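Each value in this text was obtained by applying a stated rule to the coordinates, not by laboratory testing. Given the structure is predicted, the values throughout are model-derived calculations rather than measurements. As a convention, Cβ positions derive from the backbone with ideal geometry for all residues, glycine included, and neighbour counts pool all protein chains shown.
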Amino acid sequence: MTVNGNTSTATAPGATDTPIIRLGLGRRLLARQELTLIAVLLLVGVLATLRNPSFGESDNLLQVVRAAVVTFIVACPLTLVTIGGGFDFSVGSVFTLGGVSAAYFMTHGVIWPLAILIALAVGAAVGALNAVVIDRLKVPPIITTLGTFYVMGGVVILFTHGIDIAPLPLQFDSLGTGSTLGLPNVIIAGILVGIAYHLVLERTRYGYNVRSLGGNRLAATENGIPVRRLDAWLYIGAGALAAFAGIVYAARTGSGQVGAGGASVTLTAISAVLIGGTSLFGGIGTITGTALGAILFAEIDNALAVAGIDALYSNMIIGSILIFAVAADSIRRGRMFSLKR
C-alpha cells in the first residue's frame, strides 16, 4: 500500500523497456541532486568558517558528522520504505523505545549484548505490527505509523513512569563514547549501516524489487515480486534500525532517555530522506543522498550554534529546504513521465 495512492498504469510482465529507461533517467537526475547537495554543504561550510573559523576545525567537523549519525541510521531503512512506496512516522517513538528497553534490561541484570538484542527485537516487532495493520487491515501507511507513533510513545511513558534509566554499564557506554583507530565508534556504526544499506539497494535483487515496488506496485505483483513479504521486511527493518539508533544514542548519553527521539527524530529523518533525493512518490532514491541530507541538517545546526545564531533559524532554513526538495521531486517526476510519453 502506498502513501500517495499511486495508480500508474501497470506494465505487462514481459514489457521491461519502459521501467529500465525510467530508472536510468531517475539515477541521472538523482546524481545531479546529490551534486547540488554537496555544493550546498560546501557553501554552508565556507560561510560558517568565514563567520567563525572554529567551524572549519577538524574537531568541530567531526562533531558535525557524529551528530548526523543517529539521524542517518534511522533514515537508511526509511529510505527503502519510501522508495518502496510506503511511509513510516513511527520511527521516532521506536527510537525512544529501543533506547529505554536496552537500558531497562541492562539495569535489571541482563548482560548488555543480550539487552541490545532484545531491544532490537522489540523494534522489529513494532515494524512487523505496522506491516500487519497496513497489509491485513488495509489502513494507509501514514495513518498506521502515525497511530503507532502515539501508541509507542505512551508505552514508553507507562514503562518508565517518565523517568530516565541510568546508570548503564561502562562497557556499554564506551560503545557510544569510545573510538577505534581514532574514529568514534558512533561514526563507525553509521558507516557500516550506510554501506550495508547502499549495497542492498544498489547491488541486490531485493533492492531492485524495492524500486520496482515503489515505481509500479501492480506491475511488480504481475512480475512475481512477493509484495506482501517485501512490505513486511521493509517495515521490520525500519523498526529494528530505529531501535538500534536509540541504543546508540543511549550509549552516547549514558542513559535511556524518555525525552529522546519522538517527533524531532521522525521529522528530521524523513526530511533527510526527502532532501537527499528520495521521491515521496516511491521508486527513486539513494543512501548516499540520504547521508548528505543528514549531514546537511547537522551542519546547519552546528553552523548556527558556532555563529551564535538562534536555533529557531535552523528550523526555518530546514523547512524551506524541505519544501524546495519536494517541489524539485515533483518537477523531476513530471519531466520523467513527459519523456516517457
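Taking the chain as a Gaussian network, Cα atoms linked when under 10 Å apart, which of ALA250, ALA291, ALA325 shows the biggest mean-square fluctuation?
ALA325
According to the square roots a ≥ b ≥ c of the eigenvalues of the Cα gyration tensor, what is the shape class of the stretch 239-341, taking rounded for a/c under 1.5, prolate for a/b larger than b/c otherwise, and oblate for the remainder? Could the numbers behind the result be given before it?
Numbers: a/c = 2.87, a/b = 1.56, b/c = 1.84.
Verdict is oblate for the stretch 239-341.
When the chain is fully extended, how far beyond the present Cα-Cα distance does LEU35 get from LEU137, taking 0.36 nm per residue of separation? Walk me through the numbers on the way to the answer.
On the way: separation 102, 0.36 × 102 = 36.72 nm, distance 4.14 nm.
My answer for the length gained is 32.6 nm.
Quick check: pseudo-label points 7 Å beyond the Cα along Cα→Cβ at VAL326 and TYR208, how many nm apart are they?
Result: 3.3 nm between the two label points.
Taking 0.36 nm per intervening residue step and subtracting the Cα-Cα distance, what contour gain separates LEU312 from LEU181 on full extension? Mind dumping the intermediate values first?
Working: separation 131, 0.36 × 131 = 47.16 nm, distance 3.67 nm.
Answer, rounded to one decimal: 43.5 nm.
Quick check: residue separation of THR49 and VAL110 times 0.36 nm, minus the Cα distance between them. What number comes out in nm? Show your work: numbers first, answer last.
Working: separation 61, 0.36 × 61 = 21.96 nm, distance 4.64 nm.
So the chain would gain 17.3 nm between THR49 and VAL110.
To the nearest 0.05, what FRET efficiency results for LEU267 and ALA125 with a Förster distance of 30 Å applied to their C-beta separation? Please report the intermediate quantities before stating the final value.
Details: r = 24 Å, r/R0 = 0.79.
About 0.80, to the nearest 0.05.
Is the shape of the chain best called rounded, prolate or oblate, per the rule: a/c under 1.5 gives rounded, else a/b larger than b/c gives prolate, else oblate, with a ≥ b ≥ c the square roots of the Cα gyration tensor eigenvalues?
Values: a/c = 1.95, a/b = 1.23, b/c = 1.59.
It comes out oblate by the Cα gyration axes.
For an R0 of 41 angstrom, estimate the FRET efficiency from the Cβ-Cβ distance between LEU158 and LEU218 and round to the nearest 0.05.
On the way: r = 42 Å, r/R0 = 1.02.
My answer for the efficiency is 0.50.
Roughly speaking, what is the centre-to-centre gap between the stretch 221-300 and the stretch 153-200 when only Cα atoms are used, to the nearest Å?
If we compute the Cα centre of each part, the gap is 15 Å.
What 222 nm value per residue comes from the helices of the chain, counting each DSSP H run with n ≥ 4 as -39,500 (n - 2.57) and dividing by all residues, nearest 500 deg cm²/dmol?
On the way: 13 runs with 256 residues, N = 341.
The per-residue figure over the chain is -26000 deg cm²/dmol.
Only helices at least 24 Å long along their axis, Cα-based, and averaging 0.0 or more on Kyte-Doolittle count here, so list those DSSP H runs from the chain. The partial results should precede the final answer.
Working: long enough: 17-51 (51 Å, 1.01); 58-83 (34 Å, 1.56); 112-136 (35 Å, 1.73); 141-160 (28 Å, 1.71); 185-203 (26 Å, 1.52); 227-253 (39 Å, 0.87); 287-307 (30 Å, 1.43); 312-340 (43 Å, 0.80).
Qualifying helices, which must be both long enough and hydrophobic enough, are 17-51, 58-83, 112-136, 141-160, 185-203, 227-253, 287-307, 312-340.
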